[in-house]
Amino acid sequence: MKALIETPEFILVLIFGSYLFGQWIFKKTKIAILHPLIISIAIIILFLQFTHMDYDKFQQGGQFVSFLLGPSVVALGYILYEQMSYLKGNVVSILTSVFVGSVTGIISVIGLAKLTGADEALVMTLEPKSVTTAIAINISTQSGGMPSLTAVIVLFCGIYGGIVGPYVLRILGIKSSIAKGLAMGASAHSVGTVKAMEMGTIEGAISGLAIGLMGVMTALLIPFIHSLIS
């Protein structure tokens, strides 16, 4: 039995099955906190605890899902290509918005870390919190952070942004499809982009663009800002 549950095939079924079950629960309840990702994470944690499976063994089986993180981000480029006409005349405003978002995300982490007395490793771990997981893990690794913790923080930032973001945009009276897409992609990366796609095709395309721009700018700005403030 143990040999069966440790096979890559079984682990893949567990990952996809738990997420599909989470989607079913979310559609039935419509409760924001019961997000499919939260439910699937809870199921997998309980499974690992119950079976006493080593996380490294689980990761070996789920590495195919991890590999798909990169291509999934690149695939968003096709959606953006279909909406290229909306970029004309908005390039400067888009770049400025993402730049400000990146700087704000990095400085807020460093500022809060200094106020709470967090150590350097934790700061490096949290700095790429607003970047999609595939990019954030690389940034965290290169800067001396803890990649596994970075992945968890990024995931929950995405879930929180995906849940709260639409309400914030509605309260602020944001009507622009481009502004909505930028806000969701820059603050809640992949999960926010999924929500942006539900808002509309333009929102989803611009959100996908924001993910890529946010990743590049954050990777470039973290060493500069960190050395400047520190």
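Can you tell me how many residues within the stretch 49-83 are part of a helix (DSSP H, G or I) and at pLDDT below 70?
Residues flagged as part of a helix (DSSP H, G or I) and at pLDDT below 70 within the stretch 49-83 amount to 14.
One residue is enough: does the stretch 198-206 have a residue meeting the conditions charged (D, E, K, R), without any contact (Cβ under 8 Å) to a residue 60 or more places away in the chain, in a helix (DSSP H, G or I) and crowded, with 24+ Cβ neighbours inside 10 Å? Spell out the reasoning first.
In the first step, residues of the stretch 198-206 are kept if they are charged (D, E, K, R); the result is 198, 203.
In the following step, the residues that additionally are without any contact (Cβ under 8 Å) to a residue 60 or more places away in the chain were identified as 198, 203.
With the extra rule that they be in a helix (DSSP H, G or I), the set shrinks to 198, 203.
Next cut, crowded, with 24+ Cβ neighbours inside 10 Å only: 203.
Looking through the stretch 198-206, at least one residue is charged (D, E, K, R), without any contact (Cβ under 8 Å) to a residue 60 or more places away in the chain, in a helix (DSSP H, G or I) and crowded, with 24+ Cβ neighbours inside 10 Å.
Suppose we keep only residues that are among the small types (Gly, Ala, Ser) and surrounded by fewer than 24 Cβ atoms within 10 Å (Cβ to Cβ) within the stretch 160-186. Which one would you say is farthest from ILE135 (Cα to Cα)?
GLY173
Just one of the numbered conditions (1) over 22 Å from ILE153 (Cβ atoms); (2) of a type outside the set (Ser, Thr, Tyr); (3) in a helix (DSSP H, G or I) is not true of LEU37; which one?
Going through (1) over 22 Å from ILE153 (Cβ atoms); (2) of a type outside the set (Ser, Thr, Tyr); (3) in a helix (DSSP H, G or I) one by one, LEU37 breaks only (1).
Here are some residues: ILE163, ILE106. Which one is touching a residue at least 60 places away in the same chain (Cβ under 8 Å) and out of contact with any helix residue (DSSP H, G or I) (no Cβ under 7 Å at 6 or more places or on another chain)?
ILE163
Only one of these conditions is not met by GLN142: (1) farther than 18 Å from VAL98 by Cα; (2) among the polar types (S, T, N, Q); (3) crowded, with 21+ Cβ neighbours inside 10 Å. Which number is it?
With respect to (1) farther than 18 Å from VAL98 by Cα; (2) among the polar types (S, T, N, Q); (3) crowded, with 21+ Cβ neighbours inside 10 Å, GLN142 is out only on (3).
Can PRO147 be described as over 25 Å from GLN23 (Cα atoms) and either surrounded by 14 or more Cβ atoms within 10 Å (Cβ to Cβ) or in contact with a Gly (Cβ under 7 Å, 6 or more places away or on another chain) (or both)? Quick ask: steps written out before the conclusion?
Values: over 25 Å from GLN23 (Cα atoms): yes; either surrounded by 14 or more Cβ atoms within 10 Å (Cβ to Cβ) or in contact with a Gly (Cβ under 7 Å, 6 or more places away or on another chain) (or both): yes.
Answer is yes for this residue.
Among the residues in the stretch 182-197, are any modelled with pLDDT of 85 or more, over 17 Å from TYR160 (Cα atoms) and either in the same structural domain as ILE94 (by TED's automatic domain parsing) or part of a helix (DSSP H, G or I) (or both)?
No.
Test THR201 against the criterion of being over 12 Å from the mean Cα position of the chain (by Cα), polar (S, T, N, Q) and over 17 Å from VAL109 (Cα atoms), and give yes or no.
yes
The values are calculated or read from the model by the stated rules, or taken from the named source; none is laboratory data. These numbers come from a predicted model, not from an experiment. Note: ideal-geometry Cβ built from the backbone for every residue, glycine included; neighbour counts use all protein chains shown.
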